[in-house]
Structure formats: structure tokens, C-alpha cells
Amino acid sequence: MHSDVELYDGHYGHIDADPQIAVRRETYDEDLGQSSWITVAEAREWFRLLELKPGSRALEVACGAGGMTCRMAVETGATCTGVDINTLGIEAARARARDQKLTNIVSFELIDAGQRLPFPDGSFDAIFCNDSINHFPGRADVLRDWHRLLKPGGRLLFTDPIVVTGQLTGDEMRDRSSIGYFLFTPLGHNERILAECGFSVLEVRDVTEAVATVSRKWRDARARHRDALSALEGPEGFDGVQRFLDSVRKLAGDRRLSRFMYLSSRT
């Protein structure tokens, strides 16, 4: 995934560095190593909607450093698997599961989730993908594969933070997608493609405010730790991430790029 600004390798590669920990603590309600727009309070709501419980099997697609996958297992009792393409992210996720003594119910696999996933049909009761579906170019193929992996009646919940709800300039789109591949999606498209791929849409929720709030807090927290972060990322790397976060804040605040939660079930 080409990027002009290196966010993920820098984040996962220095996930236990003091300035990174300080920034996450100042940005989120709880530090789970996350690098997106989700808080633990929001995650708890998504776990509730997925109807997870002991005995359930859940898959988190694009799990990053695994904090949410581990929390999903702890809070619901479900057996959880996380997959991600980033080697540093999966290394951090496996270390987290070991440290929390969760390896009996949590596992992580290094996988390109934009491709067919190597699990049998009907493997999972729930699939969760937070703020990452926009990184996969073949959305219909991805959704059909998720449909294959779910048991009948199984639930899918994903958030898409790149739903176009206003006018955007070329420069704004470049700044917003500077950290890698992004698929900008028109309003209403996800509902249509979910139905085409065999899902029943249960709920669509506008959760754009989380993006505006988290991106502002993240940018401001990083600014307070500029010197320490610049030593880790380099001055140009630090400034690039700040430009990215400011773009996110502005476009979400203007409601020109919106974030929606989509809850559906396999029919």
C-alpha cells in the first residue's frame, strides 16, 4: 500500500515508546494501541450490536496492534481472531495477547485481508472491521468473502470513514489519503453493495463526530510531544502526520467526508 506519509509502520514499530503512549492516553478514553477513530466506549457498543458471547467466534479484519481484538475477547468471552497485513502490527498484537494471557481465546494472523481469507466457510458468528474497509480496492469481492465466512444469521459490523457527503478538492483528497490506498465511497453505496452480496442491512449510523473529535485530540496531543515524536519519526514524518490529521479534522468537521457504521446479517 503506497503512502506519502508513514503512519502505520511508525505507529506499530514504536508502539511502546513513551511519547506514543502519552499521545494515545491524551487522545482516547483508554489506550489500546489504536491508530484510528475508535474509543473503547464506542467499541463496547459495537460488541453489543454484534451479539457476542462466550462460545461465539469472531473475526476482526485489519486488527492493527490487536488491542480491540483482545478487548473484544475479554469483554464478551468470545474466541477472537485478528488479521492484518502489517507485520509490525501483528507482532505487537501477538505480544499483547501473550502479555494479557489471552492466547487460549485470541489469535492473530499476518494476512492481506483484501484477498480471499484462508478460513473455512461458516467459520465465524461475527465479523468486525473498524475504519479499514476503505483500504481494500475490491469491496464487492471482500464482502462476498465475509458473507462466505459467516454462519447463517451471523453479523457483520464495519465502519467506513471515507463516505463522500460534500464537495472535495483534489488537494484535499490527496491529503486525506496520504497514508496509503483509500477508496472514497458515495453516500448510499455501501447499503446497495451489502444487499447485492447477500446481507440484510440492520442499521446504518452516522458516527462522523468521533472522527472530528479524535483527529483533533490526536493532532493536539502530538503537537504537545513534538520534540520526542520528531526524534522517532523525523521532522518531515512528524509534519506529514500532522497535515494528515488536520485534513481529517477539517473534512469531518465540515461533514464533507463522513464516517458511518453499517450493521448487517448474513441471510
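When only residues in the range 149-185 that are over 25 Å from Asp254 (Cα atoms) and out of contact with any Pro (no Cβ under 9 Å at 6 or more places or on another chain) count, which is surrounded by the fewest Cβ atoms within 10 Å (Cβ to Cβ)? Out of the qualifying residues, it is Pro152.
On the stretch given as the range 84-116, residues that are among the aliphatic types (A, V, I, L, M), touching a Phe, Trp or Tyr at 6+ places or on another chain (Cβ under 8 Å) and within 23 Å of Leu143 (Cα to Cα) total 2. Within the range 39-70, the residues that satisfy the criterion of being of a type in the set (D, E, K, R) and closer than 21 Å to Val207 by Cα are Glu42, Arg44, Glu45, Arg48, Glu51, Glu60. Taken over the range 222-248, the criterion of being under 22 Å from the mean Cα position of the chain (by Cα) and surrounded by fewer than 19 Cβ atoms within 10 Å (Cβ to Cβ) is satisfied by Gly237, Gln242, Arg243, Asp246. With the requirement that a residue be buried (at least 24 other Cβ atoms within 10 Å of the Cβ) and out of contact with any Leu (no Cβ under 7 Å at 6 or more places or on another chain), what does the range 249-258 give you? Within the range 249-258, Ala252 is the sole residue that qualifies. Filtered by the rule that a residue be farther than 21 Å from Thr39 by Cβ, among the polar types (S, T, N, Q) and over 14 Å from the mean Cα position of the chain (by Cα), the range 53-110 gives Ser56, Thr79, Thr81, Thr87, Thr103, Asn104, Ser107.
For the range 4-19, filtered to residues that are part of a loop (DSSP other than H, G, I, E, B) and under 17 Å from the mean Cα position of the chain (by Cα), the residue that is surrounded by the most Cβ atoms within 10 Å (Cβ to Cβ) is Ile15.
Of all the listed residues (Ala113, Ala195, Ala126, Ala95), the sole one being closer than 20 Å to Thr76 by Cα and of a type outside the set (D, E, K, R) is Ala126.
Taking residues in the range 31-52 that are touching a residue at least 12 places away in the same chain (Cβ under 8 Å) and over 16 Å from Glu209 (Cβ atoms), and partners anywhere that are in a loop (DSSP other than H, G, I, E, B) and of a type in the set (Ser, Thr, Tyr), the pairs with Cβ atoms closer than 7 Å and at least 6 places apart or on different chains are Gln34/Tyr28.
Of the helices (runs of 4 or more DSSP H) lying entirely inside the range 133-244, not one is found with 1 or more residues being within 20 Å of Cys63 (Cβ to Cβ), β-branched (Val, Ile, Thr) and modelled with pLDDT under 95. Going by what's in this entry, would Pro54 be described as out of contact with any His (no Cβ under 7 Å at 6 or more places or on another chain), surrounded by fewer than 24 Cβ atoms within 10 Å (Cβ to Cβ), farther than 25 Å from Gly114 by Cβ and modelled with pLDDT of 95 or more? Answer is yes for this residue. For the residues Ala22, Ala73, the requirement of being crowded, with 22+ Cβ neighbours inside 10 Å and not charged (D, E, K, R) singles out Ala73. Do we find that Gln34 is modelled with pLDDT under 95 and either crowded, with 22+ Cβ neighbours inside 10 Å or touching a strand residue (DSSP E or B) at 6+ places or on another chain (Cβ under 6 Å) (or both) in this structure? In short, yes.
The values are calculated or read from the model by the stated rules, or taken from the named source; none is laboratory data. What you see is a predicted model; the values in this text were computed from it and never measured. Cβ atoms come from the backbone with ideal geometry, glycine included; neighbour counts cover every protein chain shown.
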